[in-house]
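Down below is the structure, laid out as structure tokens.
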Amino acid sequence: MWELLTHPWTIRGIVALLVLLIVPGICAYLIFLERKIAAWTQDRIGPNRVGPWGLLQSIADGLKFLLKEQIVPSYVNKVLYFVAPGIGVGCALLGLAVVPFGATSLNTADPQQWIIAPRVDIGILYVLAIGSLTVYAIILGGWASNNKYSFIGSLRSSAQVISYEIPLGMSILGIVLLVGSLNLEKIIDYQLHHGWFFLYQPLAFLIFFTSSLAENNRMPFDLPETEQELVGGFHTEYSAMKFAMFFLGEYSHMITISLLCSVLFLGGWHFPGITSVLGPGEFETWGGAIIKFLVLFTKMVLFIVIIMLIRWTIPRFRYDQLMGLAWKVLIPLSLGNLFFAMVVRHFNWSAWLLLPVNILLFLIPGAISIWRQNRQELELQHGVSVA
């Protein structure tokens, strides 16, 4: 019986089943957490009426979505109208297939592989490809709604996702060059021996995190669903469970982003000192696997809380600012980071040389930008050109 429980296929099946069953529940409580954080930032109490401390509010919301009347406008394209939310949720869940949820090992005989599809050599490419398909849910939803606000929201989303895909991918290429693989488990293993990528590629981490927020339409990049301009954007005509599925896709994508940030830049399940506490042999036990899971889960929750705090503290960009950030700032910076990573890899120099390079790449363009902004303000105040 124990051999059956610890068989690799049993563990993969358990992980896949947990993802399908637990992720929607986690998303429901992430909405509750976000409402609490929003209340905290606005000096309110937040949801506290349903159950102790309001903990049953998410269940009440879920029941409300299930029992609510399904309204379908007569002018929509019904097939694509119903398919679009399913594409959003499906792509968000499929992306989790190659993302580790806990202990991983490059040893093929090790049964403890807390990942649905282990040893996928194109892991990063798969995640990026599946993640980019999410835009189809928004475009189809906006087009099928036959509503001008929905259509404009979907057009904004397509331009936004295409623009931010470029820095998102290039920020990871520096890691791929150093590791020599697209496999997420190998990237974790590399960080165990050489240190977390966040320590010597902080600029790449910042570009990846910012681009991920734009890909997920989170504030301050939620132009496709701006309430003040487009009513609700691409989901204006959606209600009840169809609307809830868009939310489920967004929060599932947020989990994927947080796990990827942890795996790519913060060592995944690794944490300094944990090996000295457990000892090498104890890593193979279930206790060690649970500790690894808790480490990765803590990092994931930390990123989710940061994403939520950003939503309630930073105002929304204008559309020209959003596009300018991608094409004038993030893409040149990611190109610079990629170039220096290539140089370090070619000459087999220490990867720690990338740390001062990243700092300079961040500070020099920032200083030039501040200088140009001050100069423009002076020109506006005096009405003359400042030499």
For the stretch 66-81, how many residues meet the condition of being surrounded by fewer than 18 Cβ atoms within 10 Å (Cβ to Cβ) and assigned to a helix (DSSP H, G or I)?
5
Taking the criterion of being open to solvent by 40 Å² or more (accessible area, probe 1.4 Å), closer than 19 Å to G86 by Cα, touching a helix residue (DSSP H, G or I) at 6+ places or on another chain (Cβ under 9 Å) and part of a helix (DSSP H, G or I), would at least one residue in the stretch 149-169 satisfy it?
yes
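For every residue, the table says whether it meets (1) open to solvent by 80 Å² or more (accessible area, probe 1.4 Å); (2) in a helix (DSSP H, G or I); (3) without any contact (Cβ under 8 Å) to a residue 40 or more places away in the chain; (4) farther than 25 Å from S211 by Cβ.
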position: L335; (1), (2), (3), (4): yes, yes, no, no
position: N348; (1), (2), (3), (4): yes, no, yes, yes
position: N358; (1), (2), (3), (4): no, yes, no, no
position: A367; (1), (2), (3), (4): no, yes, yes, no
position: Q373; (1), (2), (3), (4): yes, yes, yes, no
Failed condition for V231, given (1) at pLDDT 80 or above; (2) out of contact with any Ser or Thr (no Cβ under 6 Å at 6 or more places or on another chain):
(1)
Quick check on my filter: what residues within the stretch 196-228 are touching a residue at least 40 places away in the same chain (Cβ under 8 Å) and either outside any helix (DSSP H, G or I) or over 25 Å from L330 (Cα atoms) (or both)?
W196, Q201, N216, N217, R218, M219, P220, F221, D222, T226
Given the residues R49, R35, which is the only one that is at pLDDT 85 or above and farther than 30 Å from L259 by Cα?
R49
Just to verify a result, which residue in the stretch 118-148, among those that are within 26 Å of L184 (Cβ to Cβ) and of a type in the set (S, T, N, Q), is surrounded by the most Cβ atoms within 10 Å (Cβ to Cβ)?
T134
Name every residue in the stretch 200-241 that is surrounded by fewer than 19 Cβ atoms within 10 Å (Cβ to Cβ) and touching a Leu at 6+ places or on another chain (Cβ under 7 Å), in order of residue number.
M241
Scan of the stretch 157-194 for residues that are of a type in the set (D, E, K, R) and in contact with a Pro (Cβ under 9 Å, 6 or more places away or on another chain), ordered by number:
E185
Over the stretch 33-64, the set of residues under 17 Å from F243 (Cβ atoms) and open to solvent by less than 50 Å² (accessible area, probe 1.4 Å) is E34, S58, A60, D61, G62
Are there any pairs, at least 6 apart or on different chains, whose C-beta atoms fall under 9 Å, with the first in the stretch 27-40 and without any contact (Cβ under 8 Å) to a residue 24 or more places away in the chain and the second in a helix (DSSP H, G or I) and open to solvent by 20 Å² or more (accessible area, probe 1.4 Å), and if so, which?
R35/Q57
Which condition from (1) open to solvent by 10 Å² or more (accessible area, probe 1.4 Å); (2) part of a helix (DSSP H, G or I); (3) touching a helix residue (DSSP H, G or I) at 6+ places or on another chain (Cβ under 6 Å) is the one that L182 breaks?
(2)
Please report, ordered by residue number, the helices (runs of 4 or more DSSP H) entirely within the stretch 258-333 with at least 3 residues that are farther than 29 Å from I166 by Cα and modelled with pLDDT under 85.
274-278, 286-311
Are any residues in the stretch 11-50 among the hydroxyl-bearing types (S, T, Y) and touching a Phe, Trp or Tyr at 6+ places or on another chain (Cβ under 6 Å), and if so, which ones?
T41
Among (1) at pLDDT 80 or above; (2) touching a Leu at 6+ places or on another chain (Cβ under 9 Å); (3) open to solvent by 60 Å² or more (accessible area, probe 1.4 Å), there is one condition A341 misses while meeting the rest; what is its number?
(3)
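The values are calculated or read from the model by the stated rules, or taken from the named source; none is laboratory data. Keep in mind that what you see is a predicted model, and the values were worked out from it rather than measured. Here the Cβ is made from the backbone with ideal geometry for all residues, glycine too, and neighbour counts use every protein chain on show. Side chains are part of the model used for accessible areas, which takes the heavy atoms of the whole protein and leaves out ligands, DNA and RNA. Shrake-Rupley method; radii C 1.70, N 1.55, O 1.52, S 1.80 Å.
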